[in-house]
Amino acid sequence: METAPKPGRDVPPKKDSPQAKRKKPRRYWEEEVTPAAAPAGPPRKKARAREPRPPRSKGVRGAPKSHFGRKPQAPKNASDRKKPRRTLSGAQDPFPGPAPAPAEVARKFCRIDKSKKLPHSKPKTRTKLETAEAQEEEASVRAARAELLLAEEPGFLEGEDGEDTAKILQTDIVEAVDIASAAKHFDLNLRQFGPYRLNYSRTGRHLALGGRRGHVAALNWVTKKLMCEINVMEAVRDIHFLHSETLLAVAQNRWLYIYDNQGIELHCIRRCDRVTRLEFLPFHFLLATASETGFLTYLDVSVGKIVTALNARAGRLSVMAQNPYNAVIHLGHSNGTVSLWSPAVKEPLAKTLCHRGAVRAVAVDPTGTYMATSGLDHQLKIFDLRGTFQPLSARTLPQGAGHLAFSQRGLLVAGMGDVVNIWAGPGKASPPSLEQPYLTHRLSGHVHGLQFCPFEDVLGVGHSGGMTSMLVPGSAEPNFDGLENNPYRSRKQRQEWEVKALLEKVPAELICLDPRALAEVDVVTLEQQKKERIERLGYDPDAKAAFQPKAKQKGRSSTASLVKRKKKVMDQEHRDKVRQSLEEQEEQQQQQQQRQKQKTAKPTRARPSALDRFVR
């Protein structure tokens with residue numbers, strides 16, 4: 001018995017009904033499809049085209065898959081290439097793939113010398129070297145691509161129609177710059193507690209002042225917000241920030257003290273007494289102190305222990321500077337020499353005679369290439385530190401420079417009495433030219449401390465009348481690394497940075513003249529250790545074992561056969577040694593012949609001389 005269909009169920013809608021006219025809404029990422037004529041009959045399901053599975057590689061089951069060291073393979077056919085990805089709006093990416101990086105810029109960031117071929121080593125070692133080289137190349141390309149984001153450019157100062165820039169006053173510079181830059185020029189009148197030593201934090205945001213009569217202050221000099229201000233009721237000889245602006249080291253008359261940014265005394269280090277100068281090594285967390293007793297002391301601030309105390313045997317130490325490139329300390333002495341020190345060695349790494357009189361000031365540029373010194377002989381010299389230690393340029397000053405400092409872009413400043421002279425070079429990596437000063441400024445008191453502010457075109461000068469902040473266009477790096485020295489970091493970011501810096505702390509034993517030597521093998525020490533091991537054990541454990549023939553069956557392991565096989569191997573080794581010795585002798589003979597040819601070769605002249613008859 002058939003039943004009539006109920007209304008609304010299994011009944012197709014009429015053509016004129018609103019249900020039939022209603023269409024499925026199209027999303028904004030879907031393309032509009034024109035309706036095609038539907039074939040007669042019931043609708044069929046669309047068959048999915050299955051992609052063929054890639055063949056399984058034959059190998060060990062469960063082997064770990066490495067994602068490093070794989071080289072990108074280019075598609076063989078045009079159909080294999082990936083189609084440009086579509087966005088949600090349906091538009092195609094007009095610039096598919098990674099952003100191109102200039103080859104010259106990438107070459108600047110590359111640290112691998114591709115002229116040297118990889119050594120013939122085991123396949124596993126060679127694979128690791130190739131992977132490391134590929135990762136280093138990728139890092140250089142990323143750094144070159146990220147350089148496009150460094151939109152800031154260094155400042156400069158040019159005179160009109162050949163005008164000498166040394167005659168331009170600070171008031172003229174303040175009038176020409178914008179309001180924010182003009183606010184960075186100011187004077188602090190503090191004659192009651194002067195003269196003053198100063199120090200900027202590594203971020204360039206905070207300033208520490210130390211007066212000879214006990215005045216200690218720390219402030220955010222950009223916003224002019226005072227963090228702390230105390231009087232220690234004792235002479236202050238030097239002041240220096242530690243790894244962050246929250247800790248402050250003050251060299252007082254008798255001992256070394258550590259304060260926080262609220263002016264609270266945290267530590268009194270009595271083993272560092274009569275300190276005259278302070279330097280902090282940020283990557284090693286070492287505080288270097290020079291004292292009147294002639295000792296150079298290294299204090300590890302992360303654990304609060306003395307790493308080493310070195311006796312310079314040169315009397316009172318009052319001139320000290322650090323090389324930012326290799327963390328070597330430079331000390332100036334009263335006999336005109338400059339010595340280079342490392343906490344890993346008890347003797348100086350190098351010594352050079354710089355002046356005929358006592359050395360008054362030493363400074364090293366940020367690249368570790370040039371060193372500037374001044375002495376009582378009124379000479380200002382620039383030395384090359386790349387192994388030669390030879391003077392590149394020298395200039396006689398009317399007054400001896402008592403204080404020197406380099407900027408981030410290689411500008412050199414010298415304080416002579418109440419006058420400050422600044423010299424600039426043609427580029428960042430070139431030494432400053434001492435012929436004509438770049439800027440000159442006269443202060444209200446004698447200079448007692450100098451330092452360029454990081455990432456700001458500002459020079460801080462401490463003198464007997466207080467402190468002066470000068471504008472020096474083009475002295476600082478315009479772009480900073482936000483992961484290393486971020487002037488705008490928050491409290492949480494600073495705490496996280498401190499933890500990472502402590503984890504990446506460099507041991508004090510690795511400080512040396514050439515940091516690149518740490519990646520090389522010390523062959524001399526290795527051979528010496530091998531000899532000592534042989535003498536201690538009585539035999540060489542790494543020596544090649546004597547050949548022992550394997551036993552064979554069917555009568556082939558007779559005594560005569562074993563002796564014959566041993567003799568055959570010994571003869572082959574003997575031939576290899578003889579061949580190697582002959583090749584070495586041939587090379588030595590060729591070198592001797594070339595030397596003799598160079599000695600006997602006469603210089604060619606255009607015309608014969610009448611004096612040639614007297615030549616033997």
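The values are calculated or read from the model by the stated rules, or taken from the named source; none is laboratory data. None of these values were measured; they are calculated from a predicted model. Virtual Cβ from ideal backbone geometry, glycine too; neighbours counted across all protein chains shown. Calculation scope for accessible area: heavy atoms of the full protein, side chains included, ligands and nucleic acids excluded. Shrake-Rupley method; radii C 1.70, N 1.55, O 1.52, S 1.80 Å.
Under 1.5 on a/c is rounded, so check that first for region 230-298, then, if it is not, pick prolate when a/b is larger than b/c and oblate when it is not; a ≥ b ≥ c are the square roots of the alpha carbon gyration tensor eigenvalues. Note, shape of region 230-298 comes out oblate. The alpha-carbon of Lys124 sits under 17 angstrom from the alpha-carbons of these aspartates and glutamates, leaving out residues fewer than 8 places away in its chain: Glu133. Sorting the segments 516-529, 270-283 by their residues' average number of neighbouring beta-carbon atoms within 10 angstrom, most packed first, yields 270-283, 516-529. Amide H to amide H, with H built 1.01 Å from N, Gly449 comes under 5 Å of Gly462, counting only residues 5 or more places away or on other chains. Averaged over residues, the count of other Cβ atoms within 10 Å places the peptides 316-325, 455-464 in the sequence 455-464, 316-325, highest first. For the pair Lys568 and Tyr488, the difference between a 0.36 nm per residue extended length and the Cα-Cα distance amounts to 21.2 nm.
Apolar share of the accessible surface for region 163-226: 55 percent from carbon plus sulfur atoms, 1.4 Å probe.
Can you give the relative contact order of region 253-320 as a percent, counting alpha carbon pairs under 8 Å and 6+ residues apart? This gives 23 percent for region 253-320.
Using the 1.4 Å probe convention, the accessible area of region 128-277 works out to 55 Å² per residue with neighbouring protein chains retained. Among 198-211, 470-483, 367-380, sorting by the average number of other beta carbon atoms lying within 10 angstrom of each residue, highest first, gives 198-211, 367-380, 470-483. For region 431-523, the Kirkwood radius over C-alpha pairs fed into Stokes-Einstein at 25 °C and 0.890 mPa s yields D = 140 µm² per second. Just check region 111-268 against the gyration tensor rule for me: Cα atoms, a ≥ b ≥ c as the square roots of the eigenvalues, rounded for a/c under 1.5, and otherwise prolate or oblate depending on whether a/b exceeds b/c. Because a/c hits 1.5 or more and a/b fails to exceed b/c, region 111-268 counts as oblate. Note on exposure: Glu175, Glu152, Glu147 ranked by accessible area (1.4 Å probe, complete protein assembly) read Glu175, Glu152, Glu147, with the most exposed listed first. The relative contact order of region 383-457, computed from alpha carbon pairs under 8 Å that lie at least 6 residues apart in sequence, is 27 percent. For region 281-328, what does the alpha-carbon gyration tensor say about shape, rounded, prolate or oblate, given a ≥ b ≥ c as the root eigenvalues, a/c under 1.5 as rounded, and a/b over b/c as prolate? Judged from the Cα gyration tensor, region 281-328 comes out oblate (a/c at least 1.5, b/c at or above a/b).
When the solvent-accessible surface of protein heavy atoms is calculated with a 1.4 angstrom probe, in what order do Lys568, Lys531 fall, highest first?
Accessible-area ranking of Lys568, Lys531, largest first: Lys568, Lys531.
In this model, which of Lys428/Lys500; Lys544/Lys566; Lys577/Lys597; Lys544/Lys577 are farther than 21 Å apart at the alpha-carbon?
Listed pairs above 21 Å: Lys428/Lys500; Lys577/Lys597.
Counting Lys and Arg as +1 and Asp and Glu as -1 over every other residue whose Cβ lies under 14 Å from the Cβ of Lys500, the net charge comes to -1.
Using a cut-off of 15 Å between beta-carbons, work out the net charge of the residues near Tyr257 (Lys and Arg +1, Asp and Glu -1, Tyr257 not included).
+1
If you take all other residues with their beta carbon under 14 Å from the beta carbon of Asp172, and give Lys and Arg +1 and Asp and Glu -1, the sum is -4. 3J(HN,Hα) couplings calculated from phi for region 404-410 with the Karplus curve 6.51 cos²θ - 1.76 cosθ + 1.60 (θ = phi - 60°) are, in sequence order, 10, 7, 9, 9, 5, 9, x Hz; Gly and Pro show x. Rounded to the nearest Hz, the phi-derived 3J(HN,Hα) couplings of region 127-132 under the Karplus curve 6.51 cos²θ - 1.76 cosθ + 1.60 (θ = phi - 60°) are 5, 4, 5, 5, 5, 5, where x marks glycine and proline. In the context of the full protein assembly, Ser581 retains an accessible surface of approximately 50 Å², using a probe radius of 1.4 Å and ignoring ligands and nucleic acids.
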